[in-house]
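K.L.:
Quick one: the structure is below, questions incoming.
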Amino acid sequence: MKQLLEILNEINPGIDYETETGLIDESLLDSFSLLSLIPELEDAFQVEITPAEMIPANFNSATAIWNMIVSLKED
């Protein structure tokens, strides 16, 4: 999770990723941020994020992103 928080802060600093739960719903992460974030996550965690995973619920919080990564790694 620490590595995920570091990646998020590199892409879009100034957000409290540990408590924020509306990253997408409140437009804190925009489409450009996601275009940067997804390949970073894939490289860092050796997962493939497919369009099926690219739903707001998976990106609204650091916890949701982390849970998606864990789920992808289990597959």
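The values are calculated or read from the model by the stated rules, or taken from the named source; none is laboratory data. None of these values were measured; they are calculated from a predicted model. Quick reminder, even Gly has a Cβ in these numbers, built from the backbone with ideal geometry, and neighbours come from all protein chains shown.
K.L.:
Within the range 1-28, can you find the residues that are more than 10 Å from I65 (Cβ to Cβ), assigned to a loop (DSSP other than H, G, I, E, B) and touching a helix residue (DSSP H, G or I) at 6+ places or on another chain (Cβ under 7 Å)?
P.N.:
Residues satisfying the conditions are N12, E18, I24, D25.
K.L.:
I'd like to check something: does the range 45-53 contain any residue that is acidic (D, E) and part of a loop (DSSP other than H, G, I, E, B)?
P.N.:
First, pick out the residues of the range 45-53 that are acidic (D, E): 48, 53.
Now restrict to residues that are part of a loop (DSSP other than H, G, I, E, B): 48.
Yes - at least one qualifying residue is present in the range 45-53.
K.L.:
Taking T50 as the residue in question, decide whether it is more than 17 Å from M1 (Cβ to Cβ), exposed (fewer than 12 other Cβ atoms within 10 Å of the Cβ), at pLDDT 95 or above and polar (S, T, N, Q). Please lay out each step first, then the result.
P.N.:
Working: more than 17 Å from M1 (Cβ to Cβ): yes; exposed (fewer than 12 other Cβ atoms within 10 Å of the Cβ): yes; at pLDDT 95 or above: yes; polar (S, T, N, Q): yes.
For T50, the condition - more than 17 Å from M1 (Cβ to Cβ), exposed (fewer than 12 other Cβ atoms within 10 Å of the Cβ), at pLDDT 95 or above and polar (S, T, N, Q) - is met.
K.L.:
In this structure, does A57 turn out to be touching a residue at least 40 places away in the same chain (Cβ under 8 Å), aliphatic (A, V, I, L, M) and not in a loop (DSSP other than H, G, I, E, B)?
P.N.:
Details: touching a residue at least 40 places away in the same chain (Cβ under 8 Å): no; aliphatic (A, V, I, L, M): yes; not in a loop (DSSP other than H, G, I, E, B): yes.
Criteria not met by A57.
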